[in-house]
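Please treat every number below as a calculation from the coordinates, not as lab data. Since we're looking at a predicted model, the values are computed, not measured. Positions of Cβ are generated from backbone atoms using ideal geometry, with glycine treated the same way; all protein chains shown enter the neighbour counts.
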Amino acid sequence: MASVCYSSVSFVSPSTSPSTSKPFLLLPKLPTPNPFPSSRSSKLRAANSAPVQEDHYMSIDNLHRFFDLNLGKWTGSFHQFDGNGNLLQKINTRLSASSYGEDELISLIQTLYIEQPQSSTSISGNDEEAEWAEYKIKETNMFTVDKYQQIGFFPKERAFSIRYETAGMLETVLRQGVLGEDDTGEESPKNLKLPSCRPSIVCENCLYSQEKDRRARAFHIMDPRGFVDMLLIFLEDRGDGPLVHPSLGNTMDGEDRILPFLGKWEGHSVTKRSGVYGSTMAEADTVALLEMDDNNKLIQDVTTMGGGRGVRTNVHWTGTISNNSVEFEGAYQLTLLPGGMYMGYPSDIAKCVAESKSFHLEFCWLEAPGKRQRLVRTYDAEGLAVSSSYISEVRA
């Protein structure tokens, strides 16, 4: 997990580098009162939606558990994809996280290390050790995680969603990891796509492996118009050992990438309000059936059973697949990524706003055959994250 902005970027030599309504889920009806409000109005809304005082002590425990989940050294790689699921950049990264303070005054401090490419001024043929840029991430504490990042945290399931105000940290990873010392600071470097300097939404959904000490952190970046700008993945292992996780390269086309998700899936969903207080709004059992007919048309039926009154709901969707993209008739898209992942988002958030509808961003990770996790972030029509849903499913 990283914070909204950084305090400084420096460089370390190798000797000092670290050794370190939507298709896949039916959610409860949420408030639908511009996903692009002023930061001031967003913060006022967040402050006015503070939960009751009796949840305070539980929130401190959740904060400590959230920090514990992130502590340590992480070795991994950063992947940039366009909206069609094509890999644009891959950069090696390391992250070091520690905490200080006690109770509600505890803070999380993190440093991200970004492997730099060899400079164009380097002598050709020299096999130099890699240089690493050091990125100091702003501290995270009770105030920032609840008021600005609007966390959705699932301690038992080891998953979380976080809101960001800018894509500054992600832009730095791309600049240092692709341009390195050759970066001249220009706004649109050649052969490098940078995130919008004024994104409408930056959302991180993080899922932890159920098989090993690994996690996948997925970032949706939506441009100022509400369309997908880019999709980013950090795939990280705890520790400072060599990278052993699978590559997320352009190794499969869309029809191959959809195959692992076909079939009948049964599971359970938990929906929580945004904020470190994390009160549960709803739980439900889910059954999802996804099939492809002879014309490569996708058909999906989703059934949810739960709630205090045992409500049963059925939703039917149809969609088409083109390259690595799935578009459902409800104006919702999935970008199929390598590694058993997909990321979902509305085709046009601005349209959702115009129609005063809530909308959702989703990250799914099918880490092992027949088993998947999904994390869904729900926003109201003013762009505020109102809830997060975690879903664990197995193929029936």
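Summary of packing: across the peptides 193-199, 61-67, the per-residue average of other C-beta atoms within 10 Å ranks them, highest first, as 61-67, 193-199.
For the range 179-263, the relative contact order works out to 20 percent when only alpha carbon pairs closer than 8 Å and six or more residues apart are counted. Extension gain, residue 289 to residue 322, is 9.9 nm, computed as 0.36 nm per intervening residue step minus the present C-alpha separation.
Multiply the residue separation of residue 120 and residue 102 by 0.36 nm, subtract the distance between their alpha-carbon atoms, and state the gained length in nm to one decimal.
1.8 nm
Once Rh for the range 200-320 is found with the Kirkwood sum over Cα pairs, what is the Stokes-Einstein diffusion coefficient at 37 °C and 0.692 mPa s, in µm²/s? D, rounded to a whole number, is 182 µm²/s. Label separation (residue 165 vs residue 136): 1.9 nm, computed from points 7 Å beyond Cα along the C-beta direction. A Förster distance of 45 Å, applied to the separation of the beta-carbon atoms of residue 394 and residue 186, puts the FRET efficiency at 0.40. Of all aspartates and glutamates in the structure, the ones whose alpha carbon falls short of 17 Å from that of residue 73, not counting any fewer than 8 places away in one chain, are 115, 134, 139, 213, 236, 237, 240.
For the listed peptides 102-110, 130-138, a ranking on the average number of other beta carbons within 10 Å per residue, highest first, reads 130-138, 102-110. The packing ranking, built from the mean of other Cβ atoms within 10 Å per residue, places the peptides 71-79, 372-380, 284-292 in the order 372-380, 71-79, 284-292, highest first.
Listed by chain and number, the aspartates and glutamates whose C-alpha is less than 14 Å from the C-alpha of residue 190, apart from same-chain residues fewer than 8 away, are 182.
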